[in-house]
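J.: Would you mind keeping the following structure in view while I ask a few things?
What follows draws every value from the coordinates through simple rules; no lab data is involved. A quick note: this is a predicted structure, and the numbers were derived from the prediction, not measured. In this analysis, Cβ positions are derived from the backbone assuming ideal geometry, glycine residues included, and neighbour counts consider all displayed protein chains.
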Amino acid sequence: MSAELAQEIFSTPRYAARVAPVQSGERLLVVQDAHTPEARMLLDELARPGIALTFIDQAEAGDGYAARLAEVLAAAQVGLRLYVCGEESFLWQVQALARQAGLLEAEIELFRTAGSRKVYCVHCSTMQTVGPVGETVCEGCGVRLLVREHFSRRLGAYQGVCLNADDPRGEGKA
């Protein structure tokens, strides 16, 4: 599928290209995944006098980053803006936590870096992480999957469907 066609699909996520203007007095939370040093540049754009800025780095927080994020979100006041920087699978995990904590979509900005993405197998409901590939084999049922550009915001994953219904496991039997 061409990149132009992928951009036309309604469900394909679109990510922020740059930071929206920040006003003095705003409260900001920046979260980055363990593989994304780019968030440091994002911090430089956001850090100004009069801005309350909290930074959570998954690499520094380790396995406790989700608990730290939940703690910050639970204590957050109305008007907090969340900036998430990282691989696509990480973005949607953090976005789901933020939405559960009560943030609105308009209060969350996602900055995607290259890397992994989640794929949901429609045949066995297995969720797996893959690179930017168009095809993969399901870890749950072994079916060869075509990774569609259809993205489920609820699942935070792309849809994986059988690549060849006549030969679902790629065994050459038709």
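J.: When the dipole is taken about the Cα centre of the chain, and only Lys, Arg (+1) and Asp, Glu (-1) are charged at their Cβ, what size is it in debye, to the nearest 20?
T.: 300
J.: Can you sort F10, F55 by how many other beta carbons sit within 10 Å, fewest first?
T.: Arranged by neighbour count, lowest to highest, F10, F55 become F10, F55.
J.: Is it possible to state the helix-based mean residue ellipticity at 222 nm for the chain, with each DSSP H run of 4+ residues giving -39500 (n - 2.57), the sum divided by total residues, to the nearest 500 deg cm²/dmol? What is it?
T.: Dividing the helical sum by the residues of the chain leaves -6500 deg cm²/dmol.
J.: Could you state the angle between the C-alpha long axis of helix 65-75 and the longest principal axis of the C-alpha atoms of the chain, as a value from 0 to 90 degrees rounded to the nearest 10?
T.: 50
J.: Provide the per-residue ³J(HN,Hα) series for the stretch 149-166, in order, calculated from phi with Karplus coefficients 6.51, -1.76, 1.60 and θ = phi - 60°, each as a whole number of Hz, with x at glycine and proline positions.
T.: Listing the rounded values in order: 7, 6, 10, 9, 5, 4, 8, x, 8, 8, 8, x, 10, 4, 5, 9, 4, 6 Hz.
J.: Any idea what the alpha-carbon Rg over 2.2 N^0.38 Å comes to for the chain?
T.: The reported ratio for this selection is 1.18.
J.: Listing I56, I51, I9 from the residue with the fewest other Cβ atoms within 10 Å to the one with the most, what is the order?
T.: Going from sparsest to densest Cβ surroundings: I9, I51, I56.
J.: Looking at the stretch 117-162 from every direction and averaging, what is the projected area of its Cα convex hull in nm²?
T.: 2.6
J.: So, one more: Step through the residues of the stretch 124-134 one at a time and calculate ³J(HN,Hα) from phi using the Karplus curve (6.51 cos²θ - 1.76 cosθ + 1.60, θ = phi - 60°), rounding each to whole Hz and writing x for Gly and Pro.
T.: 10, 6, 6, 10, 9, 9, 9, x, x, 8, x
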